[in-house]
Structures are given as structure tokens and as C-alpha cells.
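See structure below.
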Amino acid sequence: IISVLDTGGYGTVTIGKSISIIAEGVQAGILTAGTSGIVINAGANDVVHLQGLFVQSDQPVGNGVQIASAGTVRISHCLISGYAIGINLASPATKLMVSDCEIAQNVTGVASAQNNAEVVLDRVRLVRNKMGIVSPSNNTIFHLNGSVLAFNDTAIGQVSGRIVSSQTNAFVGNGAAGQNMGKESL
């Protein structure tokens, strides 16, 4: 566990094992220019937890959080903005859970390029992205719970799998709502 004790602007982070990076009561910024902010390349059974981080870029290049491999990734109470992709799930075996985060002003907010991936977005705010959610791969399932998609050019782009809504979500001021959501009781 890494507990951030002092407010500061930190550089990029590469994660290769189970770890928690927690910033509580301080402002921990991962500030980048033209590169990805956090790259996760951990083992198939590793658990990575990111909490309370500000991951920001001054150019829409790279990924805020790039998930190449891990067992489970939990991202909570974070702000991710200014990237080509805010959170990019590139690992087919990783379970991604995002809660109480704001993902704003990226080209794409959350993307999964893997078949059979599962992404849980719980109380997430996707705001002012060109595309809120995208997954061109087959069978990706997005669970969208109590989230807000607001002022995106398109809220939900191409999703070849499903978007399951189990709680009330809000779509406000988007240029286009995009793809419809299924409903399922969880």
C-alpha cells in the first residue's frame, strides 16, 4: 500500500504487481504531457486499487489509465482528464470496477478493446468527452449504475457487447445519446 502523505504533482506511474495507491485528505496529481499517466501491467491474479488521484494531461495523447494486464483493477474517487482515452481496458481477463470518479474532457472516456471484458461503472460522471463509452470488441459488458453522462459529443458510442443499467442513470446535454442500454436486475 502506498499512502500519499503530501499534496503534489507527481509523474507517470507503471504498476507491475498488486498494489494500492491511496491519496486521502491530500491532492495527489499525476500530471503528464504527451504520454499515459498510469500503466498497469500486473499479473493475472494481481489486484490494483487507485484512490483519490488526479490524473491529468495537457495534451489529448495517451491514456489516463492504461490496463495492459491485471486480475482486478479498482479505481475510486479519481479525476481523469485530458487524454485520448481516460481509462483504456486492453486486457481481456481483467475485471474493471470504477466508482465515484469523474472522467472528463478526454477524446474517449472509457474504452475496452477486448472480447468478453467486464466493466462496472458505479456513480461515475463522464463529462465533456467526445465519446463517453466505447467498446468495438464482441461481448464486452458494461454495468452502468447511478452514473451521469453529460455534455459528451456522443454518450455511448459503438458497444458490440451490452450495456446493462441496473440503477438510475442520467443523460444530460449530450450531442447524441448513442447506443441504447439493456436493463437487468442485479
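The values are calculated or read from the model by the stated rules, or taken from the named source; none is laboratory data. What you are looking at is a predicted structure, and each value in this text was computed from that prediction instead of being measured. Reconstructed Cβ throughout: ideal geometry from the backbone, glycine too, with neighbour counts over all protein chains shown. When the accessible area is computed, the model is the full protein with side chains, heavy atoms only, and any ligands, DNA or RNA have been set aside. Shrake-Rupley method; radii C 1.70, N 1.55, O 1.52, S 1.80 Å.
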So which of Ser81, Ser18 is of a type in the set (S, T, N, Q) and either in contact with a Lys or Arg (Cβ under 7 Å, 6 or more places away or on another chain) or crowded, with 20+ Cβ neighbours inside 10 Å (or both)? Ser81
With respect to Val148, is the statement that it is touching a Leu at 6+ places or on another chain (Cβ under 8 Å) and more than 20 Å from Leu50 (Cα to Cα) true? yes
If you go through segment 81-131 one residue at a time, how many are of a type in the set (S, T, N, Q), closer than 19 Å to Ala44 by Cβ and under 11 Å from the mean Cα position of the chain (by Cα)? 2
Filter segment 150-166 down to the residues that are assigned to a strand (DSSP E or B) and modelled with pLDDT of 95 or more and list them by number. Ala150
Show the residue pairs meeting these rules: Cβ distance below 8 Å; 6+ apart or different chains; first residue within segment 99-118 and in contact (Cβ under 8 Å) with a residue 24 or more places away in the chain and acidic (Asp, Glu); second residue crowded, with 18+ Cβ neighbours inside 10 Å and in a loop (DSSP other than H, G, I, E, B). Asp100/Val124; Glu102/Cys78; Glu102/Val124; Glu118/Thr140
Considering residues of segment 112-150 that are within 13 Å of Gly161 (Cβ to Cβ) and among the small types (Gly, Ala, Ser) only, the residue most open to solvent (accessible area, probe 1.4 Å): Ala113
Scan segment 21-58 for residues that are free of Cβ contacts under 8 Å to residues at least 40 places away in the same chain and either assigned to a loop (DSSP other than H, G, I, E, B) or open to solvent by 60 Å² or more (accessible area, probe 1.4 Å) (or both) and report the count. 16
Out of all the residues in segment 175-186, is one or more within 29 Å of Ala44 (Cβ to Cβ), touching a residue at least 40 places away in the same chain (Cβ under 8 Å), assigned to a loop (DSSP other than H, G, I, E, B) and more than 11 Å from the chain's Cα centre (by Cα)? yes
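Mind checking which residues of segment 100-111 are open to solvent by less than 60 Å² (accessible area, probe 1.4 Å) and either more than 23 Å from Pro60 (Cα to Cα) or part of a loop (DSSP other than H, G, I, E, B) (or both)? Let's see the steps before the verdict.
First, the residues of segment 100-111 that are open to solvent by less than 60 Å² (accessible area, probe 1.4 Å): 100-101, 103-104, 106-111.
Passing the criteria: Asp100, Cys101, Asn106, Val107.
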